[in-house]
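Report on the structure given below.
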Amino acid sequence: MPYRSTEVLSPGPADIAPLHSVTLTHDARHLRRKLLHLENDDVVMLDLKEAVMLADGDLLVLEGGGHIRIAAAPEALYEIRPRDAMHLIELAWHLGNRHLPAQFEESRILIVRDPVIRQMLEGLGAAVNEVSLPFHPLRGAYHAGGHNHGHNHHHHG
């Protein structure tokens with residue numbers, strides 16, 4: 001009998017021991033309603049009120065008790081290493097200008113592999129290496145959890 005979850009603990013508390021886990025790529029972690037196949041071949045029907053971006057370590061709360069841990073799957077990425085902090089900003093601008101999902105860290109940027117983008121980055125002087133890691137790109141301003149950020153709603157009565 002499949003499990004059912006209508007709630008996510010994000011981030012999942014460290015003191016909760018999950019029953020099972022499910023490993024998903026970045027794209028597959030953006031969910032609202034979906035049948036998820038666990039590593040032990042059980043299934044969970046995820047049925048949330050609105051779409052969410054699940055993160056590594058989040059917990060699905062099961063009806064009837066228990067939790068399922070979300071794990072970020074390793075993905076084929078490029079690790080982009082800049083010369084210095086200003087070069088990192090320049091590279092980030094070029095990637096943002098192309099609306100590419102990117103994970104930013106202090107000394108590197110991670111993106112999904114794309115040979116055309118690699119050629120551009122190397123042309124800009126970046127060191128680009130192929131890696132396989134969980135991908136946690138920044139969420140864009142237009143995808144900030146469904147909230148109307150930046151919009152003022154005035155109601156006159």
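What number of residues in the range 118-157 are more than 30 Å from G57 (Cα to Cα) and either modelled with pLDDT under 95 or touching a Leu at 6+ places or on another chain (Cβ under 8 Å) (or both)? Total meeting the criteria: 10. Scanning the range 108-135 for residues that are over 10 Å from Y78 (Cα atoms) and either free of Cβ contacts under 8 Å to residues at least 24 places away in the same chain or surrounded by fewer than 11 Cβ atoms within 10 Å (Cβ to Cβ) (or both) gives V116, Q119, E122, G123.
This table checks each residue for (1) in a loop (DSSP other than H, G, I, E, B); (2) modelled with pLDDT of 90 or more; (3) of a type in the set (A, V, I, L, M, F, W, C).
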{"site": "S5", "(1), (2), (3)": "no, yes, no"}
{"site": "P11", "(1), (2), (3)": "yes, no, no"}
{"site": "D15", "(1), (2), (3)": "yes, no, no"}
{"site": "A28", "(1), (2), (3)": "no, yes, yes"}
{"site": "R33", "(1), (2), (3)": "no, yes, no"}
{"site": "N40", "(1), (2), (3)": "yes, no, no"}
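Taken as a whole, the condition of being modelled with pLDDT of 95 or more and either of a type in the set (D, E, K, R) or under 15 Å from H136 (Cβ atoms) (or both) applies to R108. Here A55 meets each of (1) free of Cβ contacts under 8 Å to residues at least 12 places away in the same chain; (2) within 16 Å of the chain's Cα centre (by Cα) with one exception, condition (1).
The condition (being touching a Ser or Thr at 6+ places or on another chain (Cβ under 6 Å), modelled with pLDDT of 95 or more and surrounded by 10 or more Cβ atoms within 10 Å (Cβ to Cβ)) is satisfied by just one residue among E75, E90: E75.
The values are calculated or read from the model by the stated rules, or taken from the named source; none is laboratory data. Predicted, not measured: the structure shown is a model, and the values here were computed from it. Neighbour counts are summed over all protein chains in view; Cβ atoms, including those assigned to glycine, are modelled from backbone coordinates with ideal geometry.
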